[in-house]
Structure formats: C-alpha cells, structure tokens
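The next block holds one structure in the form of structure tokens; read it before the comments.
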Amino acid sequence: MRKISWSLLIMLLILTKLKGQDFKTDSLKALLATTPSDSIKVATLLELGAHCQFILQKNDTAFKVYRSALAIAREKGFLKQEILCLRQLALVNSKYLKKDSAHLLLKEALYKSRQYHFADQEILVLRTYISTENGFFEKDSFFTNYERMLSISRDNKLDSLRFMAIFAQSATDMGNYPKALQILFTILRANEEKKDSAAIENSLYQIAHTFEETKDLKRAIEYFYKAKYYGEKNPFIKIFIYDDLSLAYLLQQQNDSSKYYADQSYKLAVKFYGNEENVYGGVLNDLGMIYDQLGKDSLAINYLRRSYVYFTTVSIEYQNYCATTIGLARYFNKKGMADSSLIYARLCLRTALDKGFLPFISESSGLITEYFQKNQNIDSAYHYQQIGFEAYKTLYNDENSRQIQNMALAEQQREQEIAIAKQQFENKIRMYGFISIITGVIIVAFILYRNNKQKQKTNVVLEATLHNLKSTQSQLIQSEKMASLGELTAGIAHEIQNPLNFVNNFSEVNKELLAEMNEEIQKGNYDEVKSIAKDVSDNEEKINHHGKRADAIVKGMLQHSRSSSGIKEPTNINALADEYLRLAYHGLRAKDKSFNASMKTDFDESIGMVNIIPQDIGRVILNLITNAFYVVDEKKKSGIEHYLPNVSVSTKKIDNKILICVKDNGNGIPESIKEKIFQPFFTTKPTGQGTGLGLSLSYDIVKAHGGELKVETKEGEGSEFIILLPLTEII
C-alpha cells in the first residue's frame, strides 16, 4: 500500500492549490523585487521553491529557486537558512532520481545542523532520513535516528509529534505493527488533548491503515470512518480514505462497496490534481491492485503501469515502488505470464530487502518461490522460500499479535473510560444541581418559615422541589443501572444470537402461514386452514421454547460472569445432542435456503443420565455443531466437484469417561493456527461473522465440568471436536 506524508507544512501548501496558483507566484516575485532585506529574500525564495515543488509540480523551477536561495544564504552567512536550502535541494534531486547528489546535500545539511547546534534543523534532516518516501531511508539507521530525534526534542523542549508520526508510518511500512500502533495511539491522545482536528484526522487514518496491514479489517474500517468524519472537508485525505476503504471492503469480499469507493477515490484524485496525467502514483498503484482483484484487467494494468512510470521517473519513494512492482508481479502471475511476474517480483524483493519492508519481502519471495517450483529449480525455490518464511514469521508471530490485540483493547478501554468520565462529570453536574436544589429548599423554607402569611405558597414550592429531587434521584439510579447493564451486553449478545435467530425465523414462517391461511379461508378450504393453524400453533410453541432458551442463556451468562458453574441436574445427553443438531440445521436452513448437509448420529444408549448444567453443555454442543455446518458449507461454496457436506454427532461411554463427538468433512484446521482456536477473540471467519468467543467459552464450560475439549483435524479432510466428561459426572 502507498503511504502519504503527514507533514502539516506540505498539507497546508497542497491545500493552497484551491486558492489560485498564479496569484501566489506573482505575489512572491513582487516581494523579491521590492524587499531590501537579504534575509527576507532567502525566506521568500524558499517559500516560492516550495510552491513550485509541491503545488505547481515544477521541480526544475524549484531547483533553480533553491540554488538562488542557497547562494544568498552562504554569501550573507545565514546558517540556518543555508541548511534549509540544502535539505530542499536534496529533496528535489531525489525527485530527479539523482541519488548520489541528493545524499551528499542532505549529509552536508546534517553536518552543519550539528556543527552549529541547530536542534530544530537536525530534527528536520533526521525526519527526512526516517521517512520511507523521500529516497533517503536506510533500515540500519532507522531506530538510531529516531532515538536521536527524541533525545534532541526532550533536551530542547521541542514538539516531537510530527516526527513520531513519520516514524510510526515507516514502522508500519517495515511491518513493525506493534511499535507503530504504540506510537500512533500516543500521538492520538496528545492531539485529542490539544483538540487539533487535522492532527487527529491524520492519526486516525494512520491507525486505520496499520490495522488494515495486520488484516484486522473490522477495526481498520472503524478507524477509517472516524478519520472520514474529521476529513470530510479535506479533499486531499479523503482520496486516501476512500482508497483504503475500497481495499478493506475488497478483502471482506464486499466487491460492490469496494468498487464504489475505488471509483470515488479516482474521481477525487483527478479533481484534486487537475487532470489524469498529474494523479499521484500512490493513488494509482492502490487502484491498480484493487481493480486487479475486482477482475477489471484493463483498468488494473493501466493504473499499475502509470504508477511504475511515476515512481521510476518522477519521484523516488521506495515503499510505493515496492507496492507498484508487487502489484505488477501479481497481475502477470494471474495472467500466466510467469517471466514478467518474476522480473517485477525480483525488483520488489531487492528494494524490500535493502529497506527492511517485511510485508513486501514475504509476498515477493513467495511469488519467486512459486516460479522456481514450477520450473523444478528446487535450490532456488528453497532459498527464496526461507527468505519469505523468516519475514512472515517476524510479521505474524504470536507475540506481535498479542501486543496488537492488547493495544487495541487498551484503546477501547480508554475510550470507554472517557465515556464513563463524561458520564461522571454529568452526574457531578446533576449532583451540584441536587445540592443547589437542597440549598434553595433550605433558604426558601427559612424565608417562608419567618413569613407565616406566605405559608400556602411555601407548601406548594416545597412539594414541587421534592418532586424534582425524587426525579433527579431516579435519573441517577437509572444511569448507574444502565452503566452496569452495558458491561454485560457484549457477552450476552454473542451467545443469545442463535435462539433469537430461531424466534425471528419461526415468526417469519408464521407470517407466511397466516397469509396462506387467509387465502384458504377465502377459498373455503377449511381442512387446509386447520392444517395451517396447527402449523402456526406448533411454530408458536417453538417460538416460546426458544424464547425460554434465550432466557436461559442470559441466566447462564450471568452465572458465568460471577464465576459460578450453576446448578447441575440429571440430563439425557443423547436427547440434548440430538435436539441441538436439529435446531442448528433447521435454523441455518431458515436463514439460508441454499444451505444443505447430511447429518448422522450414533448415540450410545447405555450412557443413561448425566449430571451436568444442560444449558451450558447444550451451548457447547450447539456451538460445535454450528461451526461444523459453517465449515462444510464454506467448502461446498468453494466449488469442489462431487463434494457432499456431512456433519455427524455421536456419544460413547469409554472406561471412566463419556465422549461427545462432533465431526465434519470440511477443510480441516491448518497446523499453524490449531493451537490458537481456543484463545479468546481468535476467529477464521470474515469480519462481522464471528467474534472468536464461541470456542473459548465452550472450553471454559467443559473445564468447569471437570472435563476436556479437544480437536483432531486433518487439513483438507475435516475436523472432529471431542468433549470428554469424567465418570464422576455420570449418574
């Protein structure tokens, strides 16, 4: 993915484009012609150069202007302005792809800023070194430069937020997502305290993009929309928000939404940059990859080629260059043009290895590995496979995932604490009002006590005041109740969804049956009316049953939250398993008419009654069965020929244990995630279809019964979940 620089100076310069370009140029030239001050001349030339560079996109003119400014600054001994000129000339040379000259100029700027102890100028130069966009980024000195900037900032009490944002951006580009999020949330909190809307918008966007890179699409979309709220009036950032939203929806397989935001992003970009030829390459490479996935081949290759030209002839931006070359490699690989794909994958890998961009190392090495495997070049395939494996392992190790999850939860908790603090503040206001009312009552009562002639009026005022006091008291109590209820809502909502689905589905069926009954009544077919009425009555019984089931789930969740195992009772485990198998199947059928799967049961009748909490064990069985139906349905949708989805449920008494088994013939569970499936919040389902709590809660329930919950799986063939309860639980 492309990244955009968050320098507020550049943002302000870009936005001035909307206010007229020639007027700005003419005004600066007029000032140069009239001012007698050499210092003002240098400052004006620097501003004119920035205008030519960033707004007019005339790098050749900007280069000449900066050279003129540098000559005056050196002649007059304006040391700080000399450093500014050197830095800007380095940036222009970088745009011209004059790498050696650019590095020499920037190195000289760094040397002089240190020589003359200009802390602010040294930070500006170091900011250029840590950014992946300007052509000076080196991974080996990345953290060293950042620590140096922090040290200078602290010693000189300078604002560090801007270069922290650039550091976080570069950390994201390198795949160091935990560090990036840690810094970004720190920046967000600081900007919120300052109430800086533009800076908050930038922080929210970067947080959203980092979550998108970690494949946490739910949180990514949440933060993109928060950024969109702040950025509605900013056409520049809106381009990239729409761009990233398009990719996020694409990864969620919501192609219509993805195409909508991609089209909108390009329209905004053309409007902002004036014409299609001037559109920024970072927009083009994103849209190229998005349209490639959407199957719009002609658009995809057009945008990708334009992006490649941009980052090889117009501007050096290593991260965007990698994004463009990997996009071209993917495109040609999909088209079966293996040699072209290899060329661009190698271009991407070479730069990614040099700069430490782990995501691109992982993906490009994978494409190269695939090429050599197809050509039976085992040694080369193994070499690139190892490169990709090391990058992937660093990117997605468990510790990184844990840190990211913890930071996300901490930020969520912080937002909740802010909401609570706001509520507490409002309660304080109410309390102050309450005290004021009491004080008023006392004063009024004292005055009225001393004035017997107004006794009747006093009674009326007192009654009204007491009524208001009671109303205020009731509101305070209700606020506390709602706060407590809110803490339980998330957990209850997850578990109550299944019985509510049954209630909703049977209600829909009854609605259709009643409509059919009216038709039969009009026809005079009363035998059929009686039959339909019986079906309606049966469905009402089912609605009542599942309503009670929902009630039981709520009670069970409350018991779980109090660390209580509830009340055990003798239960026919075979009947329980059979009931939830049928309920799960018919519930899914009601929700999706195309769903179908064969079901098998094998119950050991010798088991007898089992002493369990039926609601809790029922919840576990239902969760396992529902998951089984989901995986076989997903495998069927993948288009495998002659595949017949099947789910089986069995019970068996073996030695000192009872086994309850739920087996499917889905795709199985990869070994890489097998150890994670019982962790809270871990899910392989698309965003919005699973919270990752089902198996975790099931594991806790079985453990509370003194049992075990295990899984046996074979990738590509299916999985079997086994509940083991000890003999002490059998009566």
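Restricting the range 93-120 to residues that are free of Cβ contacts under 8 Å to residues at least 60 places away in the same chain and part of a loop (DSSP other than H, G, I, E, B) leaves a set whose member that is nearest to the chain's Cα centre (by Cα) is Tyr96. Contact annotation: residue pairs with Cβ atoms under 8 Å, 6 or more positions apart or on different chains, pairing a residue in the range 37-50 that is in the same structural domain as Lys95 (by TED's automatic domain parsing) and farther than 13 Å from Leu86 by Cα with a partner that is of a type in the set (Lys, Arg) and surrounded by fewer than 19 Cβ atoms within 10 Å (Cβ to Cβ), are Asp38/Lys76; Ser39/Lys76; Leu48/Lys29.
Can you tell me how many residues within the range 319-338 are within 15 Å of Glu370 (Cβ to Cβ), in a helix (DSSP H, G or I) and not aromatic (Phe, Trp, Tyr)? Walk me through how you get there before you give the answer.
Let us first name the residues in the range 319-338 that are within 15 Å of Glu370 (Cβ to Cβ), namely 326, 329-338.
If we keep only those that are in a helix (DSSP H, G or I) as well, we get 326, 329-334, 338.
Within this subset, residues satisfying the condition of being not aromatic (Phe, Trp, Tyr) are 326, 329-330, 333-334, 338.
The number of residues fulfilling the criteria is 6.
Where residues in the range 602-616 are surrounded by 14 or more Cβ atoms within 10 Å (Cβ to Cβ) and without any contact (Cβ under 8 Å) to a residue 60 or more places away in the chain, which of them is nearest to the chain's Cα centre (by Cα)?
We begin by selecting, within the range 602-616, every residue surrounded by 14 or more Cβ atoms within 10 Å (Cβ to Cβ); these are 603-604, 607-608, 610-616.
Filter once more, keeping what is without any contact (Cβ under 8 Å) to a residue 60 or more places away in the chain: 603-604, 614.
Numbers: Phe603: 44, Asp604: 47, Pro614: 37 Å.
For the range 602-616, the residue satisfying everything is Pro614.
Does Ala584 satisfy the criteria of being at pLDDT 85 or above, out of contact with any Pro (no Cβ under 7 Å at 6 or more places or on another chain), closer than 25 Å to Asp700 by Cβ and in the same structural domain as Phe678 (by TED's automatic domain parsing)? When the stated conditions are applied, Ala584 does not pass them.
All conditions in (1) of a type outside the set (Phe, Trp, Tyr); (2) more than 40 Å from the chain's Cα centre (by Cα); (3) at pLDDT 90 or above hold for Ala90, with the sole exception of (2).
Mind checking whether some residue in the range 403-410 is buried (at least 18 other Cβ atoms within 10 Å of the Cβ), in contact with a Pro (Cβ under 6 Å, 6 or more places away or on another chain) and at pLDDT below 95? Looking through the range 403-410, at least one residue is buried (at least 18 other Cβ atoms within 10 Å of the Cβ), in contact with a Pro (Cβ under 6 Å, 6 or more places away or on another chain) and at pLDDT below 95.
Evaluate the range 157-177: report whether one residue or more is basic (Lys, Arg) and over 21 Å from Asn134 (Cβ atoms).
Scanning the range 157-177 turns up at least one residue that is basic (Lys, Arg) and over 21 Å from Asn134 (Cβ atoms).
Can you tell me which residues in the range 142-183 are part of a helix (DSSP H, G or I) and among the hydroxyl-bearing types (Ser, Thr, Tyr)? Steps first, please.
Start the filter on the range 142-183 by keeping residues that are part of a helix (DSSP H, G or I), which leaves 142-156, 161-173, 177-183.
Correct list: Thr144, Tyr146, Ser151, Ser153, Ser170, Thr172, Tyr177.
Among the residues of the range 252-266, is any among the basic types (Lys, Arg) and without any contact (Cβ under 8 Å) to a residue 24 or more places away in the chain? No, because not a single residue in the range 252-266 is among the basic types (Lys, Arg) and without any contact (Cβ under 8 Å) to a residue 24 or more places away in the chain. Among the conditions (1) over 21 Å from Gln53 (Cβ atoms); (2) not charged (D, E, K, R); (3) not in a helix (DSSP H, G or I), Tyr308 misses just one, which is (3). Considering only residues in the range 651-666 that are modelled with pLDDT of 90 or more and in a loop (DSSP other than H, G, I, E, B), the one that is surrounded by the fewest Cβ atoms within 10 Å (Cβ to Cβ) turns out to be Asn665.
Looking only at residues in the range 587-601 that are buried (at least 17 other Cβ atoms within 10 Å of the Cβ) and among the small types (Gly, Ala, Ser), the one that is modelled with the highest pLDDT is Ala597. Screening the candidates Glu540, Glu495, Glu512, Glu508 for the property of being at pLDDT 85 or above, not assigned by TED's automatic domain parsing to the domain that holds Ala704 and not hydrophobic (A, V, I, L, M, F, W, C) yields one hit, Glu540.
Restrict the check to the range 71-86 and report whether at least one residue is under 17 Å from Leu32 (Cβ atoms) and assigned to a loop (DSSP other than H, G, I, E, B). The answer is yes, given that some residue of the range 71-86 is under 17 Å from Leu32 (Cβ atoms) and assigned to a loop (DSSP other than H, G, I, E, B).
Condition check ((1) within 26 Å of Lys685 (Cα to Cα); (2) surrounded by fewer than 21 Cβ atoms within 10 Å (Cβ to Cβ)) across all residues:
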residue	(1), (2)
Ala168	no, no
Thr172	yes, no
Pro178	yes, yes
Gln182	no, yes
Phe185	no, yes
Glu192	no, yes
Glu201	no, no
Thr210	yes, no
Glu213	yes, yes
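The values are calculated or read from the model by the stated rules, or taken from the named source; none is laboratory data. Quick caveat, the model's predicted, so the values are computed rather than measured. All Cβ positions, even for glycine, are placed from backbone atoms using ideal geometry, and neighbour counts span all protein chains on display.
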